Amino acid sequence: KAGVTQTPRYLIKTRGQQVTLSCSPISGHRSVSWYQQTPGQGLQFLFEYFSETQRNKGNFPGRFSGRQFSNSRSEMNVSTLELGDSALYLCASSSSTGVATGELFFGEGSRLTVL
Amino acid sequence: DAKTTQPTSMDCAEGRAANLPCNHSTISGNEYVYWYRQIHSQGPQYIIHGLKNNETNEMASLIITEDRKSSTLILPHATLRDTAVYYCIVRAPYSQGGSEKLVFGKGMKLTVNP
């Protein structure tokens, strides 16, 4: 079956703009998590959605937001972009229901460059 | 979640077994050990996880010491495609209401040489 699909793969924005990234999880997976990866900070958890509800949130400013739709697809939005938001944004899906499995399937990521 | 310590890097010859160590001396009784790897420019890939018994799957074996303070991921016959950053993660099966949150450290760069 198809893996986790993220779009767009690459994008360039300027400071102050906003961006929306999309993630389609593996069919049947209801949990979608987002991570930011930078050379300096490594992989950092942004948030997780399960059945359209945010189940957990990392330590990021309110400019970072997300949502999940009824078909489990998820989007994340970053408003008022800063240079430091340049990163690889990774989406992961999991088949977890009531029990978190820890087995996440990651997409290839969306590489955002802020100029 | 317990903190893990891994070497910064390791080299391995192609075709040989790669033994990747991880220390997690503060692990709690209900915390599992997970291994992920990230090949350059790709998303992380789940490898294996275990609680206290040794585990094996098609990718690797996980050996956890009896006191659970350390573990070793074994790639039995390393190939060039196994060159990646390997992350050892410790977490409880239920975390903050069932969240799938993973805390990644800096990981260990494994280089498989021809």
Could you look through segment B:90-114, keep only residues that are farther than 17 Å from A:TYR35 by Cα, surrounded by 15 or more Cβ atoms within 10 Å (Cβ to Cβ) and modelled with pLDDT of 90 or more, and pick out the one that is farthest from the other protein chains (Cβ to nearest Cβ)? B:VAL112
Being charged (D, E, K, R), closer than 26 Å to A:SER95 by Cβ and open to solvent by 50 Å² or more (accessible area, probe 1.4 Å), is that true of even one residue in segment A:3-17? yes
Can you spot a residue in segment B:19-42 that is open to solvent by less than 30 Å² (accessible area, probe 1.4 Å) and among the small types (Gly, Ala, Ser)? no
Quick check: is even one residue across segment B:5-15 assigned to a loop (DSSP other than H, G, I, E, B), within 14 Å of another protein chain (Cβ to nearest Cβ) and polar (S, T, N, Q)? yes
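Counting only residues that are of a type outside the set (Phe, Trp, Tyr) and within 10 Å of another protein chain (Cβ to nearest Cβ), how many does segment B:55-89 have? Before the answer, list the steps.
Taking segment B:55-89 as the starting set, the residues that turn out to be of a type outside the set (Phe, Trp, Tyr) are B:55-85, B:88-89.
Filter once more, so that each one left must be within 10 Å of another protein chain (Cβ to nearest Cβ): B:85, B:89.
Total satisfying the criteria: 2.
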Test A:THR80 against the stated conditions and say whether it is β-branched (Val, Ile, Thr), within 12 Å of another protein chain (Cβ to nearest Cβ) and open to solvent by 60 Å² or more (accessible area, probe 1.4 Å). no
Hey, any hits in segment A:31-40 for a residue that's over 10 Å from the mean Cα position of the chain (by Cα), at pLDDT 95 or above and small (Gly, Ala, Ser)? no
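The values are calculated or read from the model by the stated rules, or taken from the named source; none is laboratory data. Note that the coordinates shown come from a computational prediction; the quantities given were computed from them, not determined experimentally. Neighbour counts run over all protein chains shown; Cβ positions are idealised from the backbone, glycine included. With ligands, DNA and RNA removed, areas are computed over all heavy atoms of the protein, side chains included. Shrake-Rupley method; radii C 1.70, N 1.55, O 1.52, S 1.80 Å.
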